[in-house]
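I have placed the structure first, in the form of structure tokens, so that the comments after it can refer back to it.
The values are calculated or read from the model by the stated rules, or taken from the named source; none is laboratory data. Since we're looking at a predicted model, the values are computed, not measured. As a convention, Cβ positions derive from the backbone with ideal geometry for all residues, glycine included, and neighbour counts pool all protein chains shown.
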Amino acid sequence: MLTKKNITDALADVLVPGIQRNLAGMNLLQGVKLSGNNLDITVASTALDENAQGWIREKCAGVVKDLDGSLQTAITFIDKRPPEINRVKNVIAVMSGKGGVGKSLVTALTAMLLRSRGFSVGILDADITGPSIPRMFGITARPRGSQSGILPVLSATGIEIVSINLFLPEEEDAVIWRGPLIGRAITQFWEDVLWGNLDYMVVDLPPGTADAPLTALQVLPVNGIIVVFTPQDLTTMIVKKAIKMAAQMDKKVLGVVENMSYLYVPELKKNIDIFGRSRGDEMAKAAGAPLLARIPIDPQLAALCDQGHIERYSAEALKSLGEGLLKVLPGNA
């Protein structure tokens with residue numbers, strides 16, 4: 001006998017055009033009511049244009065017909081805003097006191113590691129004036145949507161991504177905005193994007209401790225921060241400011257990552273400290289959190305980022321980052 005659960009499970013697998021996640025993943029299936037031979041299906045129209053709604057209507061009708069061709073089916077779309085639909089369990093911010101230390105790289109690697117372990121993951125690129133996430137993932141498609149919301153773009157492995165660079169006419173165009181506009185853009189990425197159901201959202205924060213990162217930490221429900229730094233003494237001094245900012249805003253630092261920590265020379269079978277000795281233990285102590293990883297300078301990784309193929313990267317250096325993350329991440333520790 002056909003049940004409501006049978007129908008709900010079957011409908012949940014209908015893909016949402018423009019992002020290729022299913023209705024369940026995007027949390028758009030709002031109701032299924034079975035009464036005798038009558039079936040009422042309710043779907044949120046959030047971020048769906050007329051063509052997308054028509055496609056979903058057709059696919060849902062086809063699924064029901066395959067289950068039981070005798071059912072009288074009515075499919076209704078209702079208006080809802082993204083905040084009413086989104087269910088993001090954990091928001092992890094990646095932070096640094098200054099630019100150029102590899103914050104975006106660590107954001108990307110963190111999202112990849114989580115995705116490889118079966119979690120649903122999104123990246124919110126809050127670095128409005130220096131967005132590099134789309135280039136790393138080789139994404140050039142513009143986000144789709146409607147007046148009720150924006151659909152993120154999916155990476156090759158299924159990571160949802162939103163970045164200001166995906167909205168610009170050319171990726172080299174500069175975003176010359178004052179603080180309030182940048183803050184508004186970050187807020188819109190959280191409130192106007194249909195993220196759906198996510199286990200983790202990884203936020204690439206703007207560098208520093210001024211308006212932009214302040215807005216992100218105030219607007220987003222961040223429940224953990226990863227701090228990125230490089231070995232130089234000047235950098236570690238500045239990054240300690242970011243650690244103090246996190247503490248003042250009552251945001252927990254989950255761990256620290258030292259990027260460009262060393263260069264491995266195969267011919268010598270030796271690590272060379274290009275930027276000086278490691279300061280990982282010092283920074284971990286300052287943050288009151290574990291050192292998650294020391295990421296080396298890796299020409300292969302740099303090339304894959306430039307080519308837009310970061311998701312093809314696999315190296316032993318990531319093993320420690322993955323193991324460390326799984327120990328400290330909320331919802332998984």
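Just so you know, in region 191-208 the residues that are farther than 24 Å from G118 by Cβ and surrounded by 20 or more Cβ atoms within 10 Å (Cβ to Cβ) include one that is nearest to the chain's Cα centre (by Cα), and it is L205.
Against the conditions (1) of a type in the set (D, E); (2) farther than 18 Å from A284 by Cα; (3) crowded, with 18+ Cβ neighbours inside 10 Å, E258 satisfies every one except (2). Evaluated against (1) in contact (Cβ under 8 Å) with a residue 40 or more places away in the chain; (2) part of a loop (DSSP other than H, G, I, E, B); (3) within 20 Å of R135 (Cα to Cα), S314 falls short on exactly one condition, (1). Within region 13-26, being at negative phi and surrounded by 16 or more Cβ atoms within 10 Å (Cβ to Cβ) holds for V14, V16, P17, I19, R21, N22, L23, A24, G25, M26. Comparison of Q188, Q147 shows that the only residue that is assigned by TED's automatic domain parsing to the domain that holds A108 and more than 25 Å from F119 (Cα to Cα) is Q147. Residues of region 290-300 that are surrounded by 15 or more Cβ atoms within 10 Å (Cβ to Cβ) and either free of Cβ contacts under 8 Å to residues at least 60 places away in the same chain or in contact with a Pro (Cβ under 7 Å, 6 or more places away or on another chain) (or both): P290, L291, A293, R294, P296, I297, D298. Can you tell me which of R135, R144 is of a type in the set (D, E, K, R) and at pLDDT 95 or above? Result: R135 is the single residue among R135, R144 that is of a type in the set (D, E, K, R) and at pLDDT 95 or above.
Of all residues assigned to region 21-37, none qualifies as being small (G, A, S), touching a helix residue (DSSP H, G or I) at 6+ places or on another chain (Cβ under 8 Å) and at pLDDT 95 or above. Check whether at least one residue in region 17-31 is touching a Pro at 6+ places or on another chain (Cβ under 8 Å), closer than 30 Å to Y200 by Cα, among the β-branched types (V, I, T) and not assigned by TED's automatic domain parsing to the domain that holds L154, and report yes or no. For region 17-31, residues touching a Pro at 6+ places or on another chain (Cβ under 8 Å), closer than 30 Å to Y200 by Cα, among the β-branched types (V, I, T) and not assigned by TED's automatic domain parsing to the domain that holds L154: present. Within region 303-325, the only residue that satisfies the criterion of being at pLDDT 85 or above, hydrophobic (A, V, I, L, M, F, W, C) and surrounded by fewer than 17 Cβ atoms within 10 Å (Cβ to Cβ) is A303. Only helices (runs of 4 or more DSSP H) whose full extent lies in region 24-133 are considered here, and the ones with at least 2 residues that are of a type in the set (V, I, T) are 50-67, 103-116. Within region 167-212, the residues that satisfy the criterion of being assigned to a loop (DSSP other than H, G, I, E, B) and either of a type in the set (V, I, T) or closer than 21 Å to I85 by Cα (or both) are V175, I176, D192, L194, W195, G196, T209.
Output the residues belonging to region 62-79 that are of a type outside the set (V, I, T), surrounded by 14 or more Cβ atoms within 10 Å (Cβ to Cβ) and within 20 Å of N51 (Cα to Cα). F77 - this is the single residue of region 62-79 that is of a type outside the set (V, I, T), surrounded by 14 or more Cβ atoms within 10 Å (Cβ to Cβ) and within 20 Å of N51 (Cα to Cα). Can you tell me which residue within region 142-173, out of those that are in contact (Cβ under 8 Å) with a residue 24 or more places away in the chain and over 19 Å from the mean Cα position of the chain (by Cα), is surrounded by the fewest Cβ atoms within 10 Å (Cβ to Cβ)? Checked region 142-173; the qualifying residue surrounded by the fewest Cβ atoms within 10 Å (Cβ to Cβ) is E171. One residue alone among G308, G288, G280 is small (G, A, S) and under 19 Å from the mean Cα position of the chain (by Cα), and that residue is G308.
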